[in-house]
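Read the structure below first, then the notes.
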Amino acid sequence: MGLMTGKKGIVFGVANERSYAYFIAQSLVQQGAEVGFTFLPMGKMEQRVGKAVKKLGIDEPWLVSCDANDDESIQAVFDKWEADHGTLDFVVHSIAFADKDYLRPDMFHKTPRDVYKNAIDTSAYTLVAMSRSALPLMQKTDGTKTTPGGALMNMSYYGGEKVTPGYNIMGVAKSCLEHTTRYLAYELGQPDRNVRVNCISAGPFKTLAGAGVGGMDKMIEYQEWASSMKRCNTGEEVGDTAVYLLSDLSSGVTGETIHVDAGFSIVGVPPHKDE
Ligand SMILES: NC(=O)c1ccc[n+]([C@@H]2O[C@H](COP(=O)([O-])OP(=O)(O)OC[C@H]3O[C@@H](n4cnc5c(N)ncnc54)[C@H](O)[C@@H]3O)[C@@H](O)[C@H]2O)c1
């Protein structure tokens, strides 16, 4: 019996087998969860996500289109989930977007209004919209789920806390996402709701979204040198921490941002390069 046996939920954000969401889904499945997925209706995303999900050993995946910039599209995902599964235990929000032309050093002050708004909308507001749609389903109970409640988690990066040149508007969006996590945690954590909301702040990782950030190679190199553990975190480590946050193991934890970054964020002034 796994830590997630008997729990079911939706993972937003698998693009391929490199996505952080893929590793989160992998750990959830290993721990016995029943997992459904969404894909961004663009290009060959449906095929790509379907192919990745099959590698997790799910032959007939629950796979639904979702453009998270559209509230109706989000609601349609949860309506379909309710029709097919009835109740919901967890949601993984692992999506973000910002125009990569502005994810370059010295480009933050040039960010146009629409680029700024779109980054915050896609990368932070979508968590509010998802939690609103998830809440009624998390309140429902059935034969296997006897207590109302649930858990949501999302993905951030250190650039939301401190300036990381080139991360720019995405850093502002992550700051917004982390504080959105806290406000949602307060309202949804009330005893009649019993829904927890937490965040993982993970290290740099070469994914589709990661490739759009100018200077990703330098961020990885710097983390390998400056972090406590002298390495980057793995996708599996993020996946296993997500299991903790979505399982009953973390029943007293909400509104937190847990760093899974091999001890990078705790270091103020790293040793001199020669040491
Ligand atoms: N890669 C890194 O270095 C890194 C580090 C820390 C945190 N993160 C965060 O992890 C999360 C996942 O990113 P990733 O690095 O795995 O990259 P990824 O490209 O694999 O995943 C990003 C996902 O966002 C989805 N998405 C974008 N716009 C969307 C929209 N409008 N509607 C629905 N889905 C949309 C994409 O389809 C994709 O599946 C993001 O929040 C990202 O900021 C990434």
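The values are calculated or read from the model by the stated rules, or taken from the named source; none is laboratory data. As the structure is a computational prediction, the values presented were derived from the model and not from experiment. Every residue, glycine among them, receives a Cβ derived from its backbone with ideal geometry; neighbour counts consider all protein chains shown.
Are any residues in region 49-78 of a type outside the set (A, V, I, L, M, F, W, C), assigned to a helix (DSSP H, G or I) and within 9 Å of the ligand (Cβ to nearest atom), and if so, which ones?
Going through region 49-78, the residues of a type outside the set (A, V, I, L, M, F, W, C) turn out to be 50-51, 54-55, 57, 59-61, 65, 67, 69-73, 75.
In the following step, the residues that additionally are assigned to a helix (DSSP H, G or I) were identified as 50-51, 54, 71-73, 75.
Answer for region 49-78, where residues must be of a type outside the set (A, V, I, L, M, F, W, C), assigned to a helix (DSSP H, G or I) and within 9 Å of the ligand (Cβ to nearest atom): just Ser73.
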Where the second residue is part of a strand (DSSP E or B) and modelled with pLDDT of 95 or more and the first is within 14 Å of Thr241 (Cα to Cα) and lies in region 257-273, which pairs have Cβ atoms under 6 Å and are six or more apart or on separate chains?
Thr257/Cys199; Thr257/Ser201; Ile258/Ile200; His259/Ser201; Val260/Ile200; Val260/Ala202
Checking Ala211 against (1) over 21 Å from Asn16 (Cβ atoms); (2) over 16 Å from the mean Cα position of the chain (by Cα); (3) of a type outside the set (Lys, Arg), the condition it does not meet
(1)
Just to verify a result, which residue in region 100-120, among those that are assigned to a loop (DSSP other than H, G, I, E, B) and either without any contact (Cβ under 8 Å) to a residue 40 or more places away in the chain or more than 13 Å from the ligand (Cβ to nearest atom) (or both), is farthest from Asn154 (Cα to Cα)?
Asp106
For Ser94, which of the numbered conditions (1) within 11 Å of the ligand (Cβ to nearest atom); (2) without any contact (Cβ under 8 Å) to a residue 40 or more places away in the chain; (3) at negative phi fails to hold?
(2)
Only one of these is closer than 30 Å to Leu188 by Cβ and in a loop (DSSP other than H, G, I, E, B): Gly239, Gly214, Gly210, Gly252. Name it.
Gly252
